[in-house]
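The structure under discussion appears below in the form of structure tokens.
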Amino acid sequence: MLSADLQALTDDIAERLSAPAVVEDDEQRMVVYSAHGGLIDDIRRDSILNRETRPDVRDWFRQYGIVQSTRPLWIPGDGELGILGRLCIPIRYHGRLTGFLWLIDDKRELAEQQVAVAEEAARHAGLLMYEELLAERLASTVLSHLLSPSQELRDTAVHQILDEGLLSADASVSVDVIQVAGSTDPELHPFLTEGLRDVTQQHPRGEILAIAQPDHGTLLICGRGNNGDRAARVADEARAALERRLQRAGSPARVVAGIGDPQHDLADTHLSYRQARLAARVAALVPAIGDIGVWSRLGAYRTIASLPTPNTVIAASDPRLERLLADGEDSVAHTVETYLDLGGDAQATAATLHLHRGTLYYRLQKAERIAGINLHDGADRLAIHLGFKLLRFTGRYPRE
């Protein structure tokens, strides 16, 4: 969140001009707002509650040239849309647009002198918002070093984080990774950047650091105790934020997230990051995991995801399973996998697949004949079960 100075500035200008005020960033996401009392419309209420302006409303305001303007603009109300008239003052720093100061002024009662006061407040806000942008860049750079393979860079980053007060010294940290399943398109980077900002701006400073890499976004979550629940909430927020942005751009895609284990030593953050990346990879490749992969709950996929290359994974698959998939029916293979997933419980397997018990045993026996395995033998069951997971992970057995 932006500094308390910006909140104080917004409260002050609203009180001096008797006009409810908000400050939004350049994407028209809510940053801070004053008390509103009774003078508020549905658009303002929604933007406060949702912390962003709906795309259609944003476009409606932008038709008046608020992005290009360097001067205050009065935007007329629209009764059909439920919009009160308001004054918009673009917030700039050295010509760069950093946001907007909005004052509800439905009857256009603000005098020229009052508008000048608001302009001065917007100039001050521009400096504060630019300073915040610089702080975000610093935090991203430090986080990049903290996740680096280089021990020297990680050590330097730890000292810098503690010296700058970016995170609490006695808190645990977890890492979330978000990415678009199956995509390494570099054009996704702007969507990742803004999606991460959607999340970080909703949390107090010192709780989250974020950085957008070319093909994935990374969030460092700081908290007390186990920190797992907080990391899960943030992962869900980040995944939803990126999905919304992609949908608005007409590029719907499946967005997945991975969550690493909490680390109680800031210097070990890179371990949680590696786990989160692998967990996101599993979520992308194995739909049964769901859209959020949690490293501590991945079971055998923790080992599979840690194998160095896809070729290594494929080579590790039992050839008897390859025979079953090549020569058997899909229903037979699916029955065997379900049977193994359920620990060899025939009753549970029959109920899950809606099969008669006799049909279940027929399929299992057929699989044993085709593959040359014994499903009553623990070693065979382990080899085939692990093989199913290996092939799912590589996409060679995608059936769900």
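The values are calculated or read from the model by the stated rules, or taken from the named source; none is laboratory data. As the structure is a prediction and not an experimental result, all values here were calculated from the model. Reconstructed Cβ throughout: ideal geometry from the backbone, glycine too, with neighbour counts over all protein chains shown. When the accessible area is computed, the model is the full protein with side chains, heavy atoms only, and any ligands, DNA or RNA have been set aside. Shrake-Rupley method; radii C 1.70, N 1.55, O 1.52, S 1.80 Å.
The strands (runs of 3 or more DSSP E) found entirely in the stretch 172-286 that carry 1 or more residues being among the acidic types (Asp, Glu) are 172-180. Taking the residues in the stretch 235-256 that are crowded, with 18+ Cβ neighbours inside 10 Å and among the basic types (Lys, Arg) as candidates, determine which candidate is nearest to Ser174 (Cα to Cα). Only one residue tops the list, namely Arg239. Residue count for the stretch 257-292 under the criterion of being over 19 Å from Gln151 (Cβ atoms) and open to solvent by less than 30 Å² (accessible area, probe 1.4 Å): the result is 12. If you filter the stretch 346-357 down to residues that are open to solvent by 70 Å² or more (accessible area, probe 1.4 Å) and assigned to a loop (DSSP other than H, G, I, E, B), you find that the one that is farthest from Tyr397 (Cα to Cα) is His356.
Using the structure shown, decide if Arg45 is open to solvent by less than 40 Å² (accessible area, probe 1.4 Å) and either within 25 Å of Ala4 (Cβ to Cβ) or of a type in the set (A, V, I, L, M) (or both).
On the way: open to solvent by less than 40 Å² (accessible area, probe 1.4 Å): no; either within 25 Å of Ala4 (Cβ to Cβ) or of a type in the set (A, V, I, L, M) (or both): yes.
No: the conditions fail for Arg45.
If you check Leu364, Leu360 for being among the aliphatic types (A, V, I, L, M), out of contact with any helix residue (DSSP H, G or I) (no Cβ under 6 Å at 6 or more places or on another chain), open to solvent by less than 50 Å² (accessible area, probe 1.4 Å) and assigned to a helix (DSSP H, G or I), only one passes: Leu364.
Beta carbons closer than 8 Å, at least 6 apart along the sequence or on distinct chains, pair a first residue in the stretch 27-42 that is closer than 16 Å to Leu84 by Cα with a second that is acidic (Asp, Glu) for Leu39/Asp106.
In a helix (DSSP H, G or I), within 30 Å of Val175 (Cα to Cα) and open to solvent by less than 60 Å² (accessible area, probe 1.4 Å): is that true of Arg320 in this structure? So Arg320 fails the test.
Which of the following residues is of a type outside the set (Asp, Glu) and surrounded by 19 or more Cβ atoms within 10 Å (Cβ to Cβ): Ala333, Ala379? Spell out how you get there, then give the answer.
Values: Ala379 fails: surrounded by 19 or more Cβ atoms within 10 Å (Cβ to Cβ).
Unique residue meeting the criteria: Ala333.
Going through Thr53, Thr70, Thr98 one at a time, which residue ends up being out of contact with any strand residue (DSSP E or B) (no Cβ under 6 Å at 6 or more places or on another chain), polar (S, T, N, Q) and either buried (at least 20 other Cβ atoms within 10 Å of the Cβ) or modelled with pLDDT under 90 (or both)? Exactly one of Thr53, Thr70, Thr98 is out of contact with any strand residue (DSSP E or B) (no Cβ under 6 Å at 6 or more places or on another chain), polar (S, T, N, Q) and either buried (at least 20 other Cβ atoms within 10 Å of the Cβ) or modelled with pLDDT under 90 (or both), namely Thr53.
Whenever a residue of the stretch 253-278 is farther than 17 Å from Gly223 by Cβ, its partners that are of a type in the set (Gly, Ala, Ser) and open to solvent by 20 Å² or more (accessible area, probe 1.4 Å), lying with C-beta atoms within less than 6 angstrom and at least six residues away or across chains, give the pairs Arg254/Ala181; Val256/Ala181; Val256/Ala284.
The set of residues in the stretch 1-13 that are surrounded by fewer than 19 Cβ atoms within 10 Å (Cβ to Cβ) and not in a loop (DSSP other than H, G, I, E, B) comprises Ala4, Asp5, Gln7, Ala8, Asp11, Asp12. Scanning the stretch 136-168 for residues that are among the hydrophobic types (A, V, I, L, M, F, W, C) and touching a residue at least 40 places away in the same chain (Cβ under 8 Å) yields Ala139, Val142, Leu143, Leu146, Leu147, Val158, Ile161, Leu162, Leu166, Leu167.
So is Arg16 within 15 Å of Glu120 (Cα to Cα), part of a helix (DSSP H, G or I) and either at pLDDT below 85 or open to solvent by 50 Å² or more (accessible area, probe 1.4 Å) (or both) or not? Spell out how you get there, then give the answer.
On the way: within 15 Å of Glu120 (Cα to Cα): yes; part of a helix (DSSP H, G or I): yes; either at pLDDT below 85 or open to solvent by 50 Å² or more (accessible area, probe 1.4 Å) (or both): yes.
Answer is yes for this residue.
Residues in the stretch 143-177 that are open to solvent by less than 60 Å² (accessible area, probe 1.4 Å), at pLDDT 90 or above and of a type in the set (Ser, Thr, Tyr): Ser144, Ser148, Ser150, Ser174. For the stretch 34-49, does any single residue satisfy the condition of being within 18 Å of Ala118 (Cα to Cα) and among the aliphatic types (A, V, I, L, M)? Within the stretch 34-49, one or more residues are within 18 Å of Ala118 (Cα to Cα) and among the aliphatic types (A, V, I, L, M). Applying a threshold of 6 Å to beta carbon distances and a minimum spacing of six or more residues, or different chains, the list of pairs starting in the stretch 45-56 at a residue that is closer than 15 Å to Arg245 by Cα and without any contact (Cβ under 8 Å) to a residue 40 or more places away in the chain and ending at one that is of a type outside the set (Asp, Glu) and crowded, with 16+ Cβ neighbours inside 10 Å reads Thr53/Gln28; Thr53/Ser47. Residues that are more than 18 Å from Glu136 (Cβ to Cβ) and either among the hydroxyl-bearing types (Ser, Thr, Tyr) or in contact (Cβ under 8 Å) with a residue 24 or more places away in the chain (or both) within the stretch 176-191 comprise Val177, Gln179, Val180, Ala181, Gly182, Ser183, Thr184, Asp185, Pro186, Leu188, listed in sequence order.
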